[in-house]
Amino acid sequence: MQIVLLERIAKLGQMGDVVNVKDGYARNYLLPKGKALRANKANLERFEQDRAQLEARNLERKTDAESVDGKLNGESFVVIRQSGDTGQLYGSVTTRDIAELLSENGFETARNQIVLAQPIKILGLHEVSVILHPEVTSTVIVNVARTQDEAVRQAAGEDVTAEPVDEEDTIAVEEVFDEGVEVNLDEDAGKAEAEEATIREERSSEEEAEAVAEEATATDDAIESSDNEEESED
């Protein structure tokens, strides 16, 4: 669809430019938001008639945005979220969350003014762009932490996801064992080998006894069979 822009649109053009866009983009966003008109003869004439008024209105909006930018740009805002030890959030921080955060702090903002490549899913300091006007963009820092204390430490440059070394957890080896007790690995290994040898000897003796018993049983059976044959002959 061919349209005429009523304000500057990123990646499209400046006010008054006639450009081609996808029909869905025009119908669902640009036209209903008052950012463009269909580029037909009537609308082009209308635009030229209203151009001075549109430019004056745009300049006023830009001036207001620059005033807000002077207060907002570079500011830091804290978001408290739960996370694992590695800093991975249980959930994420979205454009809606950031817009609500800015609004709560006196900067009325809509979610479509927040620019995020993807939702924030990890602790830390994150730069976020806020579009105040087609020609004015602020950058703020979103400090995502588990507590206010961690947020302060992160702002000071500390990595709160690094696990601190606990002195109580680093117990010396000699404190684990009672004094005077020596650990002799070779001796333990020797004992283990001796136990295995004993088990093997016991198994061998048992197997030998079983073999002897089987042999004796076979002999008894043979003798009994012979006696039965002799009785039969008699």
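Near the amide H of Val79, within less than 5 Å, lie the amide hydrogens of Asn143, Val144, Ala145, all on another chain or at least 5 residues away, with H placed in the peptide plane.
For Phe107, no residue 5 or more places off, or on another chain, has a built amide H under 5 Å of its own.
What is the sum of charges, Lys and Arg at +1 and Asp and Glu at -1, for the other residues whose Cβ falls under 15 Å from the Cβ of Val18? Display every interim value, and only then the final one.
Details: positive: Arg8, Lys35, Arg38, Lys41, Arg46, Arg51; negative: Glu7, Asp17, Glu45, Glu48.
In short, +2.
Listed cross-link partners Lys35/Lys71; Lys22/Lys121; Lys35/Lys121 are compared with a 29 Å cut-off, the Cα-Cα value being larger for Lys22/Lys121; Lys35/Lys121. Sorted largest first, the spans of the alpha carbon positions of the range 85-155 along the three principal axes are 40, 22, 17 Å. Here the 3J(HN,Hα) profile of the range 27-43, calculated from phi with Karplus coefficients 6.51, -1.76 and 1.60 at θ = phi - 60°, is 5, 8, 9, 5, 6, x, 7, x, 9, 7, 10, 4, 8, 9, 4, 5, 5 Hz, Gly and Pro shown as x. 3J(HN,Hα) along the range 122-133, derived from phi through the Karplus expression 6.51 cos²θ - 1.76 cosθ + 1.60 where θ = phi - 60°, amounts to 9, 4, x, 9, 10, 7, 10, 8, 10, 7, 8, 6 Hz, with x in place of Gly and Pro. Contact order, relative form, for the range 2-71: 29 percent (alpha carbon pairs under 8 Å, 6 or more residues apart, mean separation divided by residue count). With K and R counted +1 and D and E -1, the other residues having a Cβ less than 15 Å from that of Ile122 yield a net charge of -2.
For Arg27 and Asp64, what is the calculated FRET efficiency with R₀ set at 30 Å and r taken between the beta-carbons, to the nearest 0.05?
On the way: r = 29 Å, r/R0 = 0.96.
So, using R0 = 30 Å, E works out to roughly 0.55.
Laboratory data are not the source of any read-out in this text; all were calculated from the coordinates shown. Please read these numbers as outputs of a predicted model, since none were measured by experiment. Please note: Cβ atoms are built from the backbone with ideal geometry, for glycine as well, and neighbour counts cover all protein chains shown.
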